[in-house]
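What follows is a structure written as C-alpha cells; I'll ask about it next.
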Amino acid sequence: MRSRVFAALRDRLANCIVTNNITTVVSDAVEGYSPIHDICEALARAAVMQASRDSAIATRHYVIPLLGNPSHAPLGDDPAAIEIELTAALIAEKRNTIAEYAKQAGAQLMGEIQSAYDRYGITTFDREYLFAASDGGWLAWQQRFNAQPPHYESLGKAHVGSGRDQQAITYSAHVAPISQRLMSAPCAS
C-alpha cells in the first residue's frame, strides 16, 4: 500500500516537471538522519528519471546536504556542481526563515542549527551548494546502511527499547523497499 502512495506522488511530480518544462530539481540528500529526507531524495530522483523519459527536455537533479558543512558533498569528496552566492537580502531572509522554522520545530532543532553555526561559521551558510545526484551515490549509501544502520534506525531502536515507540523505522524494512519500488514500479502515464 505505502509504495502505491509514493508511486502516485512520483507520477504527480514527474507530470509537474514535464508540464512546466522544469529543467532543475533540488532535493534533500540521502544522509541517514531522517527517513523522510532519504525517501524525498528517492522520490525526486525517480520523478526526474520518469520526466526525462516522458519529455524531450532534460531535467537535472541536484541534492543539498542538511547535515554538516553545506559546502561538502554528503558522500565522498565531490565538489559542488553549482555554487550560488546569495545577496545580502537573501542571506537575511534565509537566516530568518531558518530561525522561524527552528522555533516552531523546537529546542532540539534550534540547538542543532546553533551547533552547525558554531562549528562551520554562520557565513558558510551564506551560499547554496548543489551536488549532482546520481544512482551511484544512492548505491553507496545502500552499502553503507547495510554495513552500519543509519542514525534514524539506531535512534528508533533505542526508542522501542525505552518503551517510547512500538516499532522502529529501519532502512531494510521500510526505506529501501519504498525507494526501490519508486525506481522499478510502472508509471501511471
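Hey, does the range 86-102 have a residue that's modelled with pLDDT under 95, aliphatic (A, V, I, L, M) and buried (at least 18 other Cβ atoms within 10 Å of the Cβ)?
no
If I ask for residues that are in contact (Cβ under 8 Å) with a residue 24 or more places away in the chain, outside any helix (DSSP H, G or I) and not polar (S, T, N, Q), which ones from the range 46-58 would you list?
ILE57, ALA58
Does the range 7-30 hold any residues that are in contact (Cβ under 8 Å) with a residue 60 or more places away in the chain, buried (at least 19 other Cβ atoms within 10 Å of the Cβ) and touching a Leu at 6+ places or on another chain (Cβ under 8 Å), and which are they?
Result: ALA7, ARG10, SER27, ALA29, VAL30.
Would you confirm whether any residue within the range 134-146 is loosely packed, with under 14 Cβ neighbours inside 10 Å, within 24 Å of VAL5 (Cβ to Cβ) and within 18 Å of the chain's Cα centre (by Cα)?
Taking every residue of the range 134-146 in turn, at least one turns out to be loosely packed, with under 14 Cβ neighbours inside 10 Å, within 24 Å of VAL5 (Cβ to Cβ) and within 18 Å of the chain's Cα centre (by Cα).
Let me ask something else. Kindly provide the set of residues from the range 161-175 that are without any contact (Cβ under 8 Å) to a residue 24 or more places away in the chain and either surrounded by 10 or more Cβ atoms within 10 Å (Cβ to Cβ) or aliphatic (A, V, I, L, M) (or both), ordered by number.
Pass one, the range 161-175, residues without any contact (Cβ under 8 Å) to a residue 24 or more places away in the chain: 161-168, 170, 173.
Residues satisfying the conditions are GLY161, ASP165, GLN167, ALA168, THR170, ALA173.
Only residues that are of a type in the set (Val, Ile, Thr), surrounded by fewer than 23 Cβ atoms within 10 Å (Cβ to Cβ) and farther than 14 Å from ALA14 by Cα: list them for the range 34-65, please.
If the condition is that a residue be of a type in the set (Val, Ile, Thr), surrounded by fewer than 23 Cβ atoms within 10 Å (Cβ to Cβ) and farther than 14 Å from ALA14 by Cα, then ILE36, ILE39, ILE64 are the ones that fit.
Another one. In the range 92-135, how many are assigned to a helix (DSSP H, G or I) and either touching a Ser or Thr at 6+ places or on another chain (Cβ under 6 Å) or of a type outside the set (A, V, I, L, M) (or both)?
Initial filter on the range 92-135 (assigned to a helix (DSSP H, G or I)): 92-105, 107-120, 122-126, 135.
The next check asks that each one be either touching a Ser or Thr at 6+ places or on another chain (Cβ under 6 Å) or of a type outside the set (A, V, I, L, M) (or both); those that pass are 93-97, 100-101, 103-104, 108, 111-112, 114-115, 117-120, 123-126, 135.
Residues that pass the stated criteria total 23.
Given the options LEU43, LEU75, name the one that is assigned to a loop (DSSP other than H, G, I, E, B), within 26 Å of ALA176 (Cβ to Cβ) and touching a residue at least 24 places away in the same chain (Cβ under 8 Å). Before you say what the answer is, go through the steps one by one.
Details: LEU43 fails: assigned to a loop (DSSP other than H, G, I, E, B).
None of the other options fit; the residue is LEU75.
Rundown of residues vs (1) in contact with a strand residue (DSSP E or B) (Cβ under 8 Å, 6 or more places away or on another chain); (2) at pLDDT 90 or above; (3) farther than 17 Å from PRO74 by Cα, yes/no style:
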{"site": "ASP135", "(1), (2), (3)": "no, no, no"}
{"site": "ALA140", "(1), (2), (3)": "no, no, no"}
{"site": "GLY163", "(1), (2), (3)": "no, yes, yes"}
{"site": "GLN167", "(1), (2), (3)": "no, yes, yes"}
{"site": "THR170", "(1), (2), (3)": "no, yes, yes"}
{"site": "GLN180", "(1), (2), (3)": "no, no, yes"}
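Okay, next question. Please pick out the residue among TYR101, TYR120 that is in contact (Cβ under 8 Å) with a residue 24 or more places away in the chain, more than 28 Å from ASP11 (Cα to Cα) and not β-branched (Val, Ile, Thr). Can you show your working first?
Numbers: TYR101 fails: in contact (Cβ under 8 Å) with a residue 24 or more places away in the chain.
It is TYR120.
The values are calculated or read from the model by the stated rules, or taken from the named source; none is laboratory data. Just so it is clear, the structure is predicted and the values come from calculations on it, not from any experiment. Positions of Cβ are backbone-derived with ideal geometry, glycine not excepted, and every protein chain shown enters the neighbour counts.
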